Amino acid sequence: MHHLSFMRRFTTAVAATSAAVAIVFASPAVAEPTTQTVDVAAAVSQLRTSVANNPGALAALDKLAADGTVDVALPAQPFQIPATSDIGQNGGGSGVYGSGIALDIDGFRLGFFGGPGTISPNQGNAKLEVMWLNLSSGQSGTAVLNEHQDVPVDTTIRTAALNTGAGLVVAAVYGNLWHRWPVPVDEAHPDGFAYQLGTIQQPSFGAVTR
């Protein structure tokens with residue numbers, strides 16, 4: 001239910017953005033906009049070059065099924081290719097895990113939502129990262145996703161504000177993340193929570209224009 005609630009809020013944000021774009025192009029004097037697409041394999045190849053000295057990022061890209069094209073969209077949007085993990089969305093085993101997301105929240109940020117329960121406030125030895133590349137300018141970088149203070153449901157985690165520059169940005173989220181959910185307090189769960197670590201098998205890939 002937490003994920004459904006987040007998706008409802010997220011869908012509302014997307015609908016508002018779409019409505020604003022529709023108004024801009026409502027005039028008959030303005031030509032209809034064309035959908036911009038990105039070739040995933042070509043973008044991943046360029047991402048690979050930008051993280052050539054980062055073994056972890058390269059290993060993650062090796063697991064990305066880079067086929068076909070994806071439509072480019074505006075923030076806020078979930079990444080076009082979702083992540084898979086060893087625990088999936090319900091913690092029961094390998095499968096679709098969640099998605100990266102592009103956000104305009106106090107600056108441009110890249111984030112992730114998904115997995116079972118909520119995101120644990122203590123990430124311990126886990127580390128969720130994103131690699132990004134501005135195809136328009138060549139700017140690139142990696143960042144850790146470590147900000148997650150949504151109330152009342154903490155199912156998202158994001159980077160600090162990023163200076164990616166304007167243009168077409170592609171990104172991939174990889175790594176691992178602790179989740180938790182409430183359980184009765186007992187010897188095994190003294191704080192009243194059960195914890196589970198999700199490790200991404202296929203990164204979540206997205207393309208967004210800024």
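The values are calculated or read from the model by the stated rules, or taken from the named source; none is laboratory data. Note that this is a predicted model, so its numbers are computed, not measured. In this analysis, Cβ positions are derived from the backbone assuming ideal geometry, glycine residues included, and neighbour counts consider all displayed protein chains. Accessible surface is based on the protein model in full, side chains and every heavy atom, while ligands, DNA and RNA are left aside. Shrake-Rupley method; radii C 1.70, N 1.55, O 1.52, S 1.80 Å.
Observations on the structure shown:
- Residue in region 143-151 that is closer than 18 Å to Ser85 by Cβ, touching a residue at least 40 places away in the same chain (Cβ under 8 Å), open to solvent by 20 Å² or more (accessible area, probe 1.4 Å) and not small (Gly, Ala, Ser) present: no
For (1) β-branched (Val, Ile, Thr); (2) open to solvent by less than 40 Å² (accessible area, probe 1.4 Å); (3) part of a loop (DSSP other than H, G, I, E, B), each residue gets a yes or a no:
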| site | (1), (2), (3) |
| --- | --- |
| Ile101 | yes, yes, no |
| Phe113 | no, yes, no |
| Gln123 | no, yes, yes |
| Gly138 | no, no, yes |
| Ile157 | yes, yes, no |
| Val170 | yes, yes, no |
| Val173 | yes, yes, no |
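- Residue match in region 182-200 (condition: under 16 Å from Pro82 (Cβ atoms), among the polar types (S, T, N, Q), in contact with a strand residue (DSSP E or B) (Cβ under 7 Å, 6 or more places away or on another chain) and in a strand (DSSP E or B)): yes
- Set side by side, the residues Leu162, Leu177 differ, and just one is at pLDDT 95 or above, surrounded by 15 or more Cβ atoms within 10 Å (Cβ to Cβ), outside any loop (DSSP other than H, G, I, E, B) and not basic (Lys, Arg), which is Leu177.
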